[in-house]
1. Hey, can you tell me all the residues within region 333-353 that are over 14 Å from GLY287 (Cβ atoms) and outside any helix (DSSP H, G or I)?
2. Just to be sure I understand the filter: pairs with C-beta atoms under 8 Å, separated by 6 or more residues or on different chains, first member in region 98-114 and free of Cβ contacts under 8 Å to residues at least 12 places away in the same chain, second member among the aliphatic types (A, V, I, L, M). Which pairs pass?
3. Show the residue pairs that are 6+ apart or on different chains and have beta-carbon atoms under 6 Å apart, the first residue being within region 324-353 and at negative phi and at pLDDT 95 or above, the second being charged (D, E, K, R) and assigned to a loop (DSSP other than H, G, I, E, B).
4. Do we have LEU265 as closer than 29 Å to THR63 by Cα and either more than 20 Å from the chain's Cα centre (by Cα) or among the basic types (Lys, Arg) (or both) here?
5. Does TYR159 fit the bill of being out of contact with any Phe, Trp or Tyr (no Cβ under 6 Å at 6 or more places or on another chain), at pLDDT 95 or above and open to solvent by less than 20 Å² (accessible area, probe 1.4 Å)?
6. Before we move on, is ARG302 open to solvent by 70 Å² or more (accessible area, probe 1.4 Å), under 25 Å from the mean Cα position of the chain (by Cα), in contact (Cβ under 8 Å) with a residue 12 or more places away in the chain and within 14 Å of LEU155 (Cβ to Cβ)?
7. Hey, ILE149 hits all of (1) among the β-branched types (Val, Ile, Thr); (2) surrounded by fewer than 24 Cβ atoms within 10 Å (Cβ to Cβ); (3) in contact with a helix residue (DSSP H, G or I) (Cβ under 7 Å, 6 or more places away or on another chain) but one; which does it fall short on?
8. Just wondering, is there one or more residues in region 183-199 that are within 20 Å of GLY110 (Cα to Cα), open to solvent by 20 Å² or more (accessible area, probe 1.4 Å) and either among the small types (Gly, Ala, Ser) or without any contact (Cβ under 8 Å) to a residue 24 or more places away in the chain (or both)?
Amino acid sequence: MRTDARRHHDPQVRGFASDNYAGAHPEVLAAIALANGGHQVAYGEDDYTGHLQRVMHSHFGPTAEAFPVFNGTGANVVALQALTDRWGAVICAESAHINVDEGGAPERMGGLKLLTVPTPDGKLTPELIDRQAYGWDDEHRAMPQVVSITQNTELGTVYTPDEIRAICGHAHERGMKVHLDGARIANAAASLDVPMRTFTNTVGVDVLSFGGTKNGALFGEAVVVLNPDAVRAMKHLRKLSMQLASKMRFVSVQLEALLAKDLWLRNARHANAMAQRLAEGVRAIDGVEILYPVQANAVFARLPHAVSERLQKRFRFYFWDETAGDVRWMCAFDTREDDVDAFLQALKEEMAR
């Protein structure tokens, strides 16, 4: 087969900016090729999307239903729309991805209000939720209808199953539903060393945004409805939100490749292990402070601003709070030990200048 495409990058170069920078896992690419050829019914009536439902049942129980979508923002917006009325609001951490990194899509495209709460570690608690859980009968205030949490959080911390159970019980007692943004759900499960159901449907989560892209997929996520009674018109909302893939088999087969066996877990365990290796090396360098517990595949650190700027010329990564000098270093399924060691050596050299 002839192709005129050329490689425009060095595949040996890796940075620590985002797990989104990583390519697709070879097993995922092989699965896409397997699904190619011939004709399959469009818009989700294909054999691969049908089989994905059975795979999801094995992870999240027989009532789970997966709705593949293109990306994580789409998954969150569709899920939150399905859980709220037009006058509804969503309680979330101030640092939540839906609040900070989705361009206002939940509010502008989803038409809902976000009620944010400052948290010390990215994690909500029943007490923190109550700062915004009031005013249901006040027509002047958007009605709190959903609590949205992220597992693992945007600060790299991980909720325990008991913590999520407490949140779900608290929310349900107040007539609210619970959404879990699982962009990095595999990393959380690997960190806790438990099945994903242990901190989702088993403890009361109603709807899950399941992440594939950060865990080795080429593209594609899914809204997983765990409690069918909690949502309305999912199929219509997915289409209305421009998240209905015509050739859905190519999204579904990627998620199947990750979930049918243990690829999702192998990828997450490796990324987490590389973050631990990075954190151990950083702790040995004077003048660099790790800001949060390293529980998944992220390391947040504080170091002199000038050092970060010089280091960024050698490795890609982002400032988290540039004023404070805080940075975020992410590891991925394809991060190598040599990558971590080279980064640590560069950090030592720049700190010594």
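The values are calculated or read from the model by the stated rules, or taken from the named source; none is laboratory data. Because the structure is predicted, anything quoted here is derived from the model rather than measured. Glycine also receives a Cβ, built like all others from the backbone with ideal geometry; neighbour counts cover every protein chain displayed. Protein only, heavy atoms only, side chains kept; ligands, DNA and RNA dropped before computing areas. Shrake-Rupley method; radii C 1.70, N 1.55, O 1.52, S 1.80 Å.
1. PHE333, ASP334, THR335, ARG336
2. GLU107/LEU114
3. These pairs meet every condition: ASP339/ARG14; ALA346/ARG314.
4. Judged against the criteria, LEU265 is not a match.
5. Judged against the criteria, TYR159 is a match.
6. For ARG302, the condition - open to solvent by 70 Å² or more (accessible area, probe 1.4 Å), under 25 Å from the mean Cα position of the chain (by Cα), in contact (Cβ under 8 Å) with a residue 12 or more places away in the chain and within 14 Å of LEU155 (Cβ to Cβ) - is met.
7. Condition not satisfied by ILE149: (2).
8. Yes - at least one qualifying residue is present in region 183-199.
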